[in-house]
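The values are calculated or read from the model by the stated rules, or taken from the named source; none is laboratory data. Note that this is a predicted model, so its numbers are computed, not measured. Here the Cβ positions follow ideal geometry from the backbone for every residue, glycine too, while neighbour counts run over all protein chains shown.
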Amino acid sequence: MLENLRNIRIEDFNYPLPVENIAQFPLEVRDKSRLLLYKENVISEDTFTNIASHLPADSLLISNETRVVHARLLFRKPSGSQIEIFCLEPVNPTNDIQLAFQQQRSCTWKCLVGNARRWKSGPLQLESEIDGFTASLTATQAERDDSNFYIQFDWTPSLLSFAQILEHFGKIPLPPYISREASENDNTRYQTVFARNDGSVAAPTAGLHFTPEVLSSLSLKNIKTDSVTLHVGAGTFKPVSSESIGDHHMHYEQVIVPVRLIKEILRFKGKHITLVGTTTVRTLESVYWQGVKWLKNIPESPLMHIEQWDPYLNQSEKPVSTEDALQCVIDTLKKLSLTELRGQTSLMIAPGYTYHIPDAIITNFHQPKSTLLLLVAAFIGSDWKKAYNYALAANFRFLSYGDSCLFFRNKLL
């Protein structure tokens, strides 16, 4: 099984995406985006405003409540050269994203640095007014490996958190295929209505279509809504550059899943569960695999740790039921007096994967040759081509600020 999966050619998941189909700006009203529907091998379309009419009553809808941080910092040297520092993940004094944003005075992050050849040594500095106080931020190179820099940030007033510093000095990190500078409007439009927990460098874009009005329409059908947290990393934009996916390295992303939600999933299993976005899908499928791991071995750590190939190992064994795996996670965390599952996942979902949680997925249109497109293909099979061809012919808007899809699970897979 694993060998067959690793040999999947990424070229088979390529498609022509004209530049003019890539949305450069959000629509004026979020829920006016077009909605492509795929159900029982039939494609149709509607407007996202009407999403509730396409979902079963008395069902469960789960989204990602991560919040995008202002991860792009633009410094200018005395010589006039501009240096861009893009914060990727915290390193010191903690690698926990939630805790890292609460740090005061100083911290170190792994970063990408634009125009790095112009920054040989010495600190970079920004100054500004925050709430009537003069604030300063200094960036110093700590060390480097490959294309990543380890940057130490120091700031005053020291009572400010790093989250406050980034919010003031940084810019919202729009995806590389949006060929313009971020505007003030992006500060709100590149966040979902679910956004709560600071930590992402990219939005969980399927959630961008939701509005309070849409949430009200879901409530009227007794569709229960809940959330997980997966902090989206910059690797989400990394296309598969190898010939086969076996040579592609998935990035780790930090996740938080409340125990009460895992209990809700068990309660709705066999009814209907809709997951909003590929991040939510990967998070909850990872919870299943963590349960499988813990059923086989007493946990050495209460933290989730899922590798990209974990689901494809030991396929000859009798599959563990979704109910047994999730119950194991609940029981294990209860013994440890924990109310949420935390950790990280680099799970890769590709054709051949067996889904355990979603009956339907709400998602955007993804880049050619991307792992996100592989995830969709694993859900609806080769019909992803039919859906994408339909969308291109009908001039749907693609990628982060583009239109939406509602895919129901292809039962034939």
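Annotations for the structure displayed:
- Leading residue by the ranking (farthest from Lys411 (Cα to Cα)) among those in the stretch 33-49 that are without any contact (Cβ under 8 Å) to a residue 40 or more places away in the chain and surrounded by 13 or more Cβ atoms within 10 Å (Cβ to Cβ): Thr47
- Of the residues making up the stretch 316-373, not one is surrounded by fewer than 16 Cβ atoms within 10 Å (Cβ to Cβ), touching a Pro at 6+ places or on another chain (Cβ under 7 Å) and at positive phi.
- Taken over the stretch 69-87, the criterion of being surrounded by 14 or more Cβ atoms within 10 Å (Cβ to Cβ) and either under 27 Å from Gln191 (Cα atoms) or not charged (D, E, K, R) (or both) is satisfied by Val69, His70, Ala71, Arg72, Leu73, Leu74, Phe75, Ile83, Glu84, Ile85, Phe86, Cys87.
- Counting only strands (runs of 3 or more DSSP E) that sit completely within the stretch 19-69, those holding 1 or more residues that are farther than 22 Å from Glu213 by Cβ and touching a strand residue (DSSP E or B) at 6+ places or on another chain (Cβ under 9 Å) correspond to 34-39, 42-47, 66-68.
Residue-wise test of (1) modelled with pLDDT of 95 or more; (2) assigned by TED's automatic domain parsing to the domain that holds Leu230; (3) among the β-branched types (Val, Ile, Thr); (4) within 26 Å of Ala203 (Cα to Cα).
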{"site": "Glu285", "(1), (2), (3), (4)": "yes, yes, no, yes"}
{"site": "Lys296", "(1), (2), (3), (4)": "no, yes, no, no"}
{"site": "Ser301", "(1), (2), (3), (4)": "no, yes, no, no"}
{"site": "Ser316", "(1), (2), (3), (4)": "no, yes, no, no"}
{"site": "Asp324", "(1), (2), (3), (4)": "yes, yes, no, no"}
{"site": "Leu338", "(1), (2), (3), (4)": "yes, yes, no, no"}
{"site": "His356", "(1), (2), (3), (4)": "yes, yes, no, yes"}
{"site": "Ile362", "(1), (2), (3), (4)": "yes, yes, yes, yes"}
{"site": "Leu392", "(1), (2), (3), (4)": "yes, yes, no, yes"}
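- The stretch 249-350 holds strands (runs of 3 or more DSSP E) entirely within its bounds, and those carrying 2 or more residues that are farther than 20 Å from Leu60 by Cβ and in contact with an Asp or Glu (Cβ under 9 Å, 6 or more places away or on another chain) map to 340-345.
- Per-region count, the stretch 202-225, residues among the hydroxyl-bearing types (Ser, Thr, Tyr) and in a helix (DSSP H, G or I): 4
- For the stretch 130-159, the tally of residues that are modelled with pLDDT under 90, acidic (Asp, Glu) and part of a strand (DSSP E or B) stands at 2.
- A search for C-beta distances below 7 Å between a residue of the stretch 57-68 that is free of Cβ contacts under 8 Å to residues at least 12 places away in the same chain and any residue that is in a loop (DSSP other than H, G, I, E, B) and of a type in the set (A, V, I, L, M), counting only pairs 6+ apart in sequence or on different chains, returns nothing.
- A single member of Thr134, Thr138, Thr66 is out of contact with any Gly (no Cβ under 7 Å at 6 or more places or on another chain) and surrounded by 15 or more Cβ atoms within 10 Å (Cβ to Cβ), and it is Thr138.
- Out of Glu3, Glu84, one residue alone is in a helix (DSSP H, G or I) and of a type in the set (Asp, Glu). It is Glu3.
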